[in-house]
Amino acid sequence: MATLDDVRAIALTLPDVEERVEGHRGGASWRTRAGMFVWERGPTRRDDEQLAALGESWPAGAVVGVRTDGPQVKDALLETYPDVFFTIPHFDGYPAVLVRLEAIEPDLLREVVTDAWLLRAPKRTAKEWLAAHPPATDPG
C-alpha cells in the first residue's frame with residue numbers, strides 16, 4: 001500500500017521536479033518545466049456520473065494520475081494490473097492512467113512515476129539520470 005507521501009518522496013528525488021498545488025482541483029502535482037507527470041486526482045461529479053452509467057464507481061482511497069508513453073503502454077498497464085490501474089471516460093485518448101495507491105506495490109509505484117518523469121524530463125537530464133541509474137538485471 002502506498003500513500004501520497006510515497007508519491008511525493010519518489011517524485012522529489014528526481015532531478016528538476018517541483019511540487020505544485022494544481023489550480024482547478026487543488027490537489028498536489030509534480031512536474032518538470034515540460035509539464036505534469038503525476039498528480040493527485042479525485043473524482044468530479046461528471047466522473048461519478050459517467051462511471052455510474054458504466055456500472056462502476058470511483059475507488060475508495062487516494063488516487064493519482066500518471067502519464068504514460070502512449071496508448072500501448074496505457075493499455076498494457078490496465079491489462080496487466082487491473083486491480084492497480086484504471087481509467088475513466090475523461091481520460092479516453094489521453095496518455096495517462098489512474099493509480100489506486102492502496103493497491104500498488106512500492107517498486108511498481110517507483111517504476112511508473114519514474115517512467116512518467118522520463119517523458120517530461122529534459123532530454124539531457126533524462127539521459128544523465130539513466131546513465132547513473134541502470135536498470136536492474138534479473139540474475140536468473
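Within segment 59-98, being surrounded by fewer than 20 Cβ atoms within 10 Å (Cβ to Cβ), in contact (Cβ under 8 Å) with a residue 24 or more places away in the chain, assigned to a loop (DSSP other than H, G, I, E, B) and not aliphatic (A, V, I, L, M) holds for 59, 61, 69, 70, 81, 95. Can you find a residue in segment 42-55 that is open to solvent by less than 40 Å² (accessible area, probe 1.4 Å), among the aliphatic types (A, V, I, L, M) and within 20 Å of residue 10 (Cα to Cα)? No, because not a single residue in segment 42-55 is open to solvent by less than 40 Å² (accessible area, probe 1.4 Å), among the aliphatic types (A, V, I, L, M) and within 20 Å of residue 10 (Cα to Cα). Condition test on residue 46, is it in a strand (DSSP E or B) and basic (Lys, Arg)? The answer is no for residue 46.
Is it true that some residue in segment 120-128 is open to solvent by less than 90 Å² (accessible area, probe 1.4 Å), assigned to a helix (DSSP H, G or I), closer than 19 Å to residue 35 by Cα and not small (Gly, Ala, Ser)? Yes, because at least one residue in segment 120-128 is open to solvent by less than 90 Å² (accessible area, probe 1.4 Å), assigned to a helix (DSSP H, G or I), closer than 19 Å to residue 35 by Cα and not small (Gly, Ala, Ser). For segment 6-17, the candidate set comprises residues that are over 20 Å from residue 100 (Cα atoms) and in contact with a helix residue (DSSP H, G or I) (Cβ under 8 Å, 6 or more places away or on another chain); within that set, the residue that is most open to solvent (accessible area, probe 1.4 Å) is 16. Could you go through segment 18-28 and let me know if any residue there is modelled with pLDDT of 95 or more and open to solvent by less than 50 Å² (accessible area, probe 1.4 Å). No, segment 18-28 contains no residue that is modelled with pLDDT of 95 or more and open to solvent by less than 50 Å² (accessible area, probe 1.4 Å). Look at residue 45 and say whether it is of a type in the set (Lys, Arg) and in contact (Cβ under 8 Å) with a residue 40 or more places away in the chain. Considered against the rule, which asks whether it is of a type in the set (Lys, Arg) and in contact (Cβ under 8 Å) with a residue 40 or more places away in the chain, residue 45 comes out as no. Checking each residue of segment 107-116 against the condition of being of a type in the set (Gly, Ala, Ser), assigned to a helix (DSSP H, G or I) and either closer than 20 Å to residue 54 by Cβ or free of Cβ contacts under 8 Å to residues at least 12 places away in the same chain (or both) gives no match.
The values are calculated or read from the model by the stated rules, or taken from the named source; none is laboratory data. Quantities reported herein were computed from a predicted structural model and do not represent experimental measurements. Quick reminder, even Gly has a Cβ in these numbers, built from the backbone with ideal geometry, and neighbours come from all protein chains shown. Accessible surface areas use protein heavy atoms only, side chains included; no ligands, DNA or RNA. Shrake-Rupley method; radii C 1.70, N 1.55, O 1.52, S 1.80 Å.
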